[in-house]
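I have placed the structure first, in the form of structure tokens, so that the comments after it can refer back to it.
The values are calculated or read from the model by the stated rules, or taken from the named source; none is laboratory data. Here the structure is a predicted model, which means the values were calculated and not measured. Every residue, glycine among them, receives a Cβ derived from its backbone with ideal geometry; neighbour counts consider all protein chains shown. Keep in mind that these areas ignore ligands, DNA and RNA; they rest on the heavy atoms of the full protein, side chains included. Shrake-Rupley method; radii C 1.70, N 1.55, O 1.52, S 1.80 Å.
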Amino acid sequence: MAVPKLGDELQKPAEVTDDSNSNDKPNLKGDWLNFFLLMLLYTMQGIPLGIASAMPIILQSNKNVSYKDQALFSLVAWPFSLKLIWAPLVDALYIQKLGRRKSWLVPVQYLMGACFIYMGSNIDEWLPETRKPDILKLVIVFFFAKILAATQDIVVDGWALTMLKKNNVGYASTCNATGQVMGVMISSVFSVLLTSEDFSNKYLRIRPDVGGVFTMKSLFYVWGILFILITTLIAIFKKEKDNRLEDDHVKLNIIQTYSLLWDILKLPSIQLLAIALLTAKIGFAATDSVSILKLIDAGVPKDNIMVIHTMMFVVKIIMPLIIAKYTSGPKTMNIYLTAIPIRLLWNISFVAFIYYTPVMITMINGFVNIPIYYYALLVFILAIHDILANIMFVTMTAFFSRISDSRFGGTYMTLLNTLSHLGLAWSKSVAIGMIDFLTFKECSLDHNNNCSTPNLKNVCQTNGGDCNVIVSGYYVETAACTMIGIVWFCIFRIILKNIQTKDSSHWLVNIKKPTS
């Protein structure tokens, strides 16, 4: 048997099955069970993501946490940007009898369940109510949980390309967006609101009591047990298609799979797309990563912010279903590009809203008084933002599903998703980390004291002064990001429109079948 060769130019495109331009219209008849299973798997993936996304809000309500601590915790987002390192292993190594995707899905989700149980045993020590949280330990354990979630994402993205019929592959992005958001919503709401004493006493209890209706410890135990139970049911009852029966099936070893990854990266169309994905999030970095933290700093209760976030999750769940018929077509990038300039302009609304927040809210007898119209404005601003962000996510994911080769779906989809997540991760970490650097302060009693170090702040406060903000880094950063985003749009608008019209030969690396 000859060893399959990688990186060959496409001489016979017919050898590779391409349904991207198929005339078969999407029809979920006979695929509904697979559709809902994918929705469930993406929902499970969203649970650790939701807990991690809620942690910055929980940490920011602790006055002992700085923006540098927040920047450190933002590193937990990086596994989704690094998963490309091990994605070829997921495609190449598996137990045929168990199934190509289940070989990884089952142990990964069991490990996730065990990880949640371990978190439950230690969360009270890592996240005390009064002392400074142990940021480093939280980063380590959430980083590991994100590695497991990223691996599950590789598996499910690859499985979706073969679990659904080929004319229904566009619905994979709907399952991804809706399911993941449901998981994020459930876990983040439970983590913030149901563990809050104020929220529980105000809305969930007849008589006030100490603590929330749930503790973080009990929630982690519940998630752990649910993961183990659901994974066991999937392992027993869900049968996976034999991948050897797939069109043009070729079994590759680990080295060949990594070589395949390199050959995909060498494709000119992929290189252009990679540059776009790595820089696409700069325009929204400050707004997406810092705005909510600035509202908490201004005195808006975290519980109220989470209630509003919960309302936004409903929008995120419904939107992918509404636009599903548009995202399964051949020109999804047109929708993506339409949303970008609107979203960039919407940055201005965040800046104006946060700037006038101190004027709109008042302190009465030591308590924050926030009028109803303030929350109405906040809901409106966040709703438009989340609709635009969700449209961009779903359309881009649908584009990834359309151009990816299903024979190596785990590797191909992971490459594209990794580039997208990497663009988000680095811009978010830099945006949070630069806030303090771009913020300029001055002591109210000494104009020569810029309060730039803890020692200078202590000197100012010891003398009875306050460190007043002269220039807010948030406004500087948002302006810079918006300008960069406008330049990005001008450069990549035509490039992305041209890329989406490319035929299969621009996306596929031909793999010759072994000859006897």
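Scan region 436-487 for residues that are in a helix (DSSP H, G or I), within 23 Å of LEU293 (Cα to Cα) and not hydrophobic (A, V, I, L, M, F, W, C) and jot them down.
ASP436, PRO454, LYS457, GLY473, TYR474, TYR475, GLU477, THR478, THR482, GLY485
Counting only residues that are closer than 17 Å to TRP488 by Cα and either among the β-branched types (Val, Ile, Thr) or surrounded by fewer than 21 Cβ atoms within 10 Å (Cβ to Cβ) (or both), how many does region 284-320 have?
1
From HIS421, HIS506, which residue is open to solvent by less than 60 Å² (accessible area, probe 1.4 Å) and of a type outside the set (Phe, Trp, Tyr)?
HIS421 is the lone residue from the list that is open to solvent by less than 60 Å² (accessible area, probe 1.4 Å) and of a type outside the set (Phe, Trp, Tyr).
In region 345-371, what count of residues is obtained for those that are in a helix (DSSP H, G or I) and open to solvent by 60 Å² or more (accessible area, probe 1.4 Å)?
Result for region 345-371: 6.
Name the single residue, out of those in region 156-175 being open to solvent by less than 10 Å² (accessible area, probe 1.4 Å) and among the polar types (S, T, N, Q), that is farthest from the chain's Cα centre (by Cα).
So the residue we want is ASN168.
Keeping to region 215-240, report how many residues are within 26 Å of the chain's Cα centre (by Cα) and open to solvent by 50 Å² or more (accessible area, probe 1.4 Å).
8
Give the residue that is farthest from the chain's Cα centre (by Cα), with candidates limited to residues of region 375-424 that are among the aliphatic types (A, V, I, L, M) and at pLDDT below 85.
Applying the filter and picking the extreme gives ILE403.
Go through region 121-166 and report how many residues are among the small types (Gly, Ala, Ser) and not in a helix (DSSP H, G or I).
Going through region 121-166 one residue at a time, the tally reaches 0.
Scan (1) open to solvent by less than 20 Å² (accessible area, probe 1.4 Å); (2) in contact with a Pro (Cβ under 8 Å, 6 or more places away or on another chain) for the single condition LEU127 breaks and write down its number.
(1)
Taking the condition of being among the basic types (Lys, Arg) and either part of a helix (DSSP H, G or I) or over 26 Å from VAL189 (Cβ atoms) (or both), how many residues in region 52-92 meet it?
The number of residues fulfilling the criteria is 2.
Could you please find all residues in region 433-458 being open to solvent by 60 Å² or more (accessible area, probe 1.4 Å) and free of Cβ contacts under 8 Å to residues at least 24 places away in the same chain?
LEU445, ASP446, HIS447, ASN448, ASN450, SER452, PRO454, ASN455, LYS457, ASN458
Applying the selection to region 459-496, what residues are of a type outside the set (A, V, I, L, M, F, W, C) and either loosely packed, with under 12 Cβ neighbours inside 10 Å or in contact with a strand residue (DSSP E or B) (Cβ under 9 Å, 6 or more places away or on another chain) (or both)?
GLN461, THR462, ASN463, GLY464, GLY465, ASP466, ASN468, SER472, GLY473, listed by residue number.
Restrict the check to region 275-282 and report whether at least one residue is within 20 Å of the chain's Cα centre (by Cα) and not in a helix (DSSP H, G or I).
For region 275-282, residues within 20 Å of the chain's Cα centre (by Cα) and not in a helix (DSSP H, G or I): present.
Could you please find all residues in region 44-60 being surrounded by fewer than 22 Cβ atoms within 10 Å (Cβ to Cβ) and closer than 18 Å to THR178 by Cα?
SER53, the sole residue that qualifies.
As an exercise: evaluate PHE142 against (1) open to solvent by 10 Å² or more (accessible area, probe 1.4 Å); (2) under 25 Å from HIS421 (Cβ atoms) and give the number of the one condition it does not meet.
Result: PHE142 fails condition (1) only.
Which ones in region 266-283 are in contact with a Ser or Thr (Cβ under 8 Å, 6 or more places away or on another chain) and not basic (Lys, Arg)?
Of everything in region 266-283, those that are in contact with a Ser or Thr (Cβ under 8 Å, 6 or more places away or on another chain) and not basic (Lys, Arg) turn out to be LEU277, ALA280, ILE282, GLY283.
Answer yes if at least one residue in region 271-283 is open to solvent by less than 10 Å² (accessible area, probe 1.4 Å) and either within 30 Å of PRO371 (Cβ to Cβ) or at pLDDT below 90 (or both), and no otherwise.
no
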